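Enquirer: Dumping the structure here so I can ask a few things about it.
The values are calculated or read from the model by the stated rules, or taken from the named source; none is laboratory data. Keep in mind that this is a model prediction, so the values were computed, not measured. Note that each Cβ is placed from the backbone with ideal geometry, even for glycine, and that neighbours are counted across all protein chains shown. Accessible surface areas use protein heavy atoms only, side chains included; no ligands, DNA or RNA. Shrake-Rupley method; radii C 1.70, N 1.55, O 1.52, S 1.80 Å.
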Amino acid sequence: MDLFDYSIKEQLKKDAPLADRMRPQTLDQFIGQSHILSPGKLLRRAIQADQLSSLIFFGPPGTGKTTLARIIANTTKAEFISLNAVLSGVKDIRSSIATAEKFRKEYERKTILFIDEVHRFNKAQQDALLPHVENGTVILIGATTENPYFEVNKALVSRSRIFQLESLKAEDLGQILDMALNDKERGYGAKKINIDENARKHLANVANGDARAILNALELAVETSEANETGVIHIDLNTAEESIQKKAVLYDKDGDAHFDTISAFIKSLRGSDPDAALYWMAKMIYGGEEPRFLFRRMIVFAGEDVGMADPHALQVVMSAAQAFDYVGMPEGRFHLAQACLYLSTAPKSNSGFAFFDALKTIQQEQNGEIPNPIKDGNRDKDGFGHGKGYLYPHAYKDHWVAQQYLPDDLQGRAFYQPSNQGYEARVKDDVARRREIQLAAFLDSSEQSAESQAEYWQERTFSNTAELLSQLRDYTFSQVEIKRHQLILVLNAGDGIFLGEALRKAEEGTVYGLVNRDAEKNLLENRYAELDYLQKPVILSVGKNSEGLMDLGDLIKEKIKFDTILGKNALNNMAQLRQLRQMIAPGGNLVLVESIPSQGQRLSGYLPENSISRALLKKLLKAESRIYEIESDDKRQPKAVDLSEMLNREGFKSAFSKQTDFFNRTIISKKRITDWFSLESTSRKTYARYLTEELSLDEIEEIKTLLLNVVAGRVVEWKSSWLFVKAVQQP
């Protein structure tokens with residue numbers, strides 16, 4: 001190089017833009033990207049040790065990709081060749097490869113080939129590079145603003161280490177600005193420049209993480225501003241705004257404006273105002289807010305304020321955040337906007353706060369015992385019975401079965417209160433109905449001691465299994481039209497299944513529920529404690545009189561006339577029917593559902609045809625019939641009187657009755673069959689003890705063995721028979 005060439009080169013360097021002049025020459029001068037360049041990091045160690053493999057730098061403009069390549073050029077002992085993919089073609093690649101081969105052959109030196117905007121090379125150009133990168137002729141360093149996993153040849157990517165450079169932080173840009181103002185050789189250190197603090201912050205905030213942008217803005221501000229009489233160039237906020245062509249807004253990312261604006265943004269989302277939400281988000285982005293901060297807040301909002309009203313909201317926001325990470329700014333603003341618009345227009349529910357109600361219960365109340373059936377049975381099943389009695393939901397209709405999950409003391413407690421919005425509006429009734437069935441099953445089983453449950457052979461007939469209860473409820477309410485404003489009375493409401501459905505049907509009316517025990521009253525009142533006062537049912541504990549009838553005297557004195565009275569197994573005799581008639585409004589409905597145990601399932605029905613002799617079968621059927629001839633147990637009494645005739649005699653009109661059979665799937669365990677066939681003395685006669693009146697012990701053992709072989713542990717259909725009665729009060 002002669003003196004003339006050197007002079008031209010120095011002049012070009014002097015006339016170069018500030019951003020080019022201020023490029024760091026060493027790693028110590030490089031600002032930002034500490035996640036890959038701080039002391040001890042892999043890339044820094046590789047550069048310092050001059051032990052580089054092929055690299056691809058990926059990141060937004062102005063983050064230092066080309067600068068890093070030049071630092072490598074200044075520190076490596078390898079030959080360094082630089083190409084720009086926009087200006088170069090296959091011919092330039094071949095020339096560079098030839099040079100690399102020459103240095104490798106003649107001087108035993110490696111060659112680093114830096115390609116800026118490497119994603120601009122087409123497939124043929126990238127393929128031309130591949131074999132020479134693969135055999136080590138060149139060490140490739142590529143720089144790209146596009147995701148290399150999408151835009152760069154997969155073979156090249158697989159042979160390179162990918163380093164992602166992030167947008168510079170405002171503090172980094174401020175440091176670069178100060179360096180340019182203080183550097184006397186490359187920057188403006190030789191000039192007297194006074195920059196206002198608000199102007200400095202504005203340039204750093206709106207440069208959008210781009211070092212080149214802030215240096216270009218500084219250069220324009222300095223070169224277009226005249227010095228005052230003391231030789232000082234003063235740069236105020238107006239000058240900074242003009243230089244970077246962005247107006248400053250009142251937004252301090254660390255002050256009140258930050259918290260006030262993000263508050264306005266969240267409250268606009270919560271208020272379902274997409275216009276306001278977009279406005280406040282735009283203000284924050286314009287003011288230099290970190291987009292990932294906004295995504296974090298929207299992710300929280302999706303769970304806290306949208307929640308189960310739209311379970312897809314979280315997925316949409318997470319996908320938008322992931323897309324933003326792929327494309328960055330400025331295109332990532334579309335994904336910010338999409339997440340904002342989705343959340344602001346989505347239905348809202350804060351039912352997720354139910355978790356904190358459960359947490360409060362844990363903190364303030366005594367922890368309840370985990371029910372045995374849902375304990376882990378892998379370790380203590382034999383010793384302590386853990387896991388025994390667990391019902392596998394997938395073995396039942398709709399993959400659900402009523403069983404106890406909460407501790408005894410928390411039965412009926414409802415933490416989760418679905419809203420009336422979006423998805424939750426669709427599942428709200430299902431959640432409520434299942435809770436009611438769950439509670440009814442618990443109450444039904446708690447009425448008997450564990451001993452009597454095991455002994456009583458008809459347990460499956462009279463226990464309110466989930467499927468049966470659901471069918472009874474749905475069928476009963478299909479027989480009567482309940483209007484929103486009506487007054488409803490539910491008899492024997494302790495199990496809650498009719499009471500809850502009546503509340504849903506008569507949303508603008510009032511529902512009364514009669515229970516026989518204070519414990520049931522407390523349980524139901526807790527169950528509906530979260531409802532508004534006017535929506536809650538009126539729960540009355542009426543008890544029974546000396547004749548075993550519900551004591552309705554006080555309610556009759558109130559002279560309340562109900563539009564509909566309904567109940568399950570609530571009618572015992574004519575006297576009770578006459579009391580009920582006094583409480584029904586003219587034209588009102590009485591709907592009763594009464595079990596008919598004598599028409600229900602009998603174990604003989606499970607015996608295969610011709611598995612026993614005709615004589616033994618006849619004796620078995622006769623013995624089973626005796627079970628229903630006992631007058632002392634109302635629960636097993638067949639309904640011998642036609643209720644529709646009774647109702648007509650009492651002055652009702654349009655009275656009719658219909659017997660309906662239900663078949664519910666169940667599993668009968670070996671233990672249950674063994675208990676039914678026990679001949680030990682107990683407070684209640686077992687099935688086998690009824691059989692002894694007709695069958696010998698050997699015959700009873702034969703029946704037991706057959707049932708163990710064909711029924712035990714298998715899913716069977718259990719029949720129950722019910723009488724539905726409906727009548728209309730005379731006007």
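Enquirer: Want the number for residue 540 to residue 300: 0.36 nm per residue separation, take away the alpha-carbon distance, what's left?
Expert: Full extension from residue 540 to residue 300 adds 82.0 nm.
Enquirer: Ranked highest first by the average count of other Cβ atoms within 10 Å around their residues, in what order do 201-212, 50-61 fall?
Expert: Values: 201-212: 23.2, 50-61: 18.7.
Order by mean packing, descending: 201-212, 50-61.
Enquirer: First measure r as the distance between the Cβ atoms of residue 715 and residue 370, then evaluate 1/(1 + (r/R0)^6) with R0 = 30 Å and state the FRET efficiency to the nearest 0.05.
Expert: The computed FRET efficiency comes out at 0.65.
Enquirer: Along the Cα-to-C-beta direction of residue 42, a point sits 7 Å from the Cα; which residues of segment 94-131 have their amide N less than 19 Å from that point?
Expert: Taking a point 7 Å out along Cα→Cβ of residue 42, no residue of segment 94-131 has its backbone N under 19 Å.
Enquirer: Still on this structure, please answer the following. So if each residue of separation counts as 0.36 nm, and I subtract the Cα-Cα distance between residue 582 and residue 106, what length gain in nm does that give?
Expert: So the chain would gain 159.8 nm between residue 582 and residue 106.
Enquirer: Using a 1.4 Å probe and counting only protein heavy atoms, arrange 687, 279 so the residue with the most accessible area comes first. Present the calculation step by step, with values, prior to reporting the outcome.
Expert: Working: 687 0, 279 135 Å².
Per-residue accessible area, sorted high to low, gives 279, 687.
Enquirer: How far is it, in nm, from the label point at residue 169 to the one at residue 692 when both lie 7 Å from their Cα along the line to the Cβ?
Expert: Spacing of the two 7 Å Cα→Cβ label points: 8.6 nm.
Enquirer: Using a 1.4 angstrom probe with every protein chain in place, what is the largest-first accessible-area order of 581, 70, 44?
Expert: Highest to lowest solvent-accessible surface, that is 70, 581, 44.
Enquirer: Tally up the carbon and sulfur contribution to the accessible surface of segment 202-338 as a whole percent, 1.4 Å probe, everything protein left in place. Before the final figure, lay out each step's value.
Expert: On the way: 3670 of 6960 Å².
Carbon and sulfur: 53 percent of the exposed surface of segment 202-338.
Enquirer: Let me ask another. For a Förster distance of 56 Å, can you work out the FRET efficiency between the beta-carbons of residue 434 and residue 123, rounded to the nearest 0.05? Spell out each step's value before the answer.
Expert: Values: r = 58 Å, r/R0 = 1.04.
Step by step, r from the Cβ atoms, then E = 0.45.
Enquirer: To continue, here is another question. Name the residues whose placed amide hydrogens come within less than 5 Å of the amide hydrogen of residue 234, ignoring near sequence neighbours (fewer than 5 apart) on the same chain.
Expert: Distant-sequence amide H within range of residue 234: 194, 228.
Enquirer: Could you tell me what percent of the accessible area of segment 28-180 is made up of carbon and sulfur, with a 1.4 Å probe and every protein chain present?
Expert: That fraction is 47 percent.
Enquirer: If the chain between residue 350 and residue 91 were fully stretched, how many nm would it gain, using 0.36 nm times the residue separation less the Cα-Cα distance?
Expert: Here the segment from residue 350 to residue 91 would lengthen by 86.9 nm.
Enquirer: With the full set of protein chains in place, find how many percent of the accessible area of segment 642-731 is carbon and sulfur; take the probe as 1.4 Å.
Expert: About 47 percent, which is the carbon plus sulfur part of the accessible surface.
Enquirer: Pop the C-beta distance of residue 556 and residue 617 into the FRET formula with R0 = 60 Å and round what comes out to the nearest 0.05.
Expert: On the way: r = 51 Å, r/R0 = 0.85.
Once the sixth-power term is evaluated, E becomes 0.70.
Enquirer: List, in order, the whole-Hz ³J(HN,Hα) value for each residue of segment 77-91 obtained from phi through the Karplus relation with A = 6.51, B = -1.76, C = 1.60 and θ = phi - 60°; use x for Gly and Pro.
Expert: 8, 6, 5, 10, 10, 10, 10, 10, 4, 5, 9, 10, x, 4, 4
Enquirer: Take 244, 668 and sort them by solvent-accessible surface of the protein heavy atoms, 1.4 Å probe, largest at the top. Please report the intermediate quantities before stating the final value.
Expert: Working: 244 30, 668 0 Å².
In descending accessible area the options line up as 244, 668.
Enquirer: Averaged per residue, what accessible surface does segment 80-201 expose to a 1.4 Å probe, in Å²?
Expert: About 56 Å² of surface per residue is accessible.
Enquirer: Once you put a point 7 Å from the Cα of residue 230 and another 7 Å from the Cα of residue 162, both along the Cβ direction, what distance in nm separates them?
Expert: Going from the residue 230 label point to the residue 162 one covers 5.4 nm.
Enquirer: Give me, ordered by chain and number, the residues 5 or more places off residue 513 or on other chains with an amide H under 5 Å from its own placed amide H.
Expert: Long-range HN contacts for residue 513: 490, 538, 539, 540.
Enquirer: With θ set to phi - 60° and the Karplus curve 6.51 cos²θ - 1.76 cosθ + 1.60, what are the ³J(HN,Hα) couplings of segment 330-346 in order, to the nearest whole Hz, using x for Gly and Pro?
Expert: Running phi through 6.51 cos²θ - 1.76 cosθ + 1.60 with θ = phi - 60° gives x, 5, x, 5, 5, 6, 4, 5, 5, 4, 4, 5, 5, 5, 6, 9, 6 Hz.
Enquirer: Report ³J(HN,Hα) in whole Hz for each residue of segment 482-488, in order, from the Karplus equation J = 6.51 cos²θ - 1.76 cosθ + 1.60 where θ = phi - 60°; Gly and Pro get x.
Expert: Listing the rounded values in order: 9, 8, 4, 9, 6, 9, 10 Hz.
Enquirer: How many nm is it between the label spots at residue 279 and residue 569, if each spot is 7 Å from the Cα in line with the beta carbon?
Expert: So the label points at residue 279 and residue 569 sit 6.3 nm apart.
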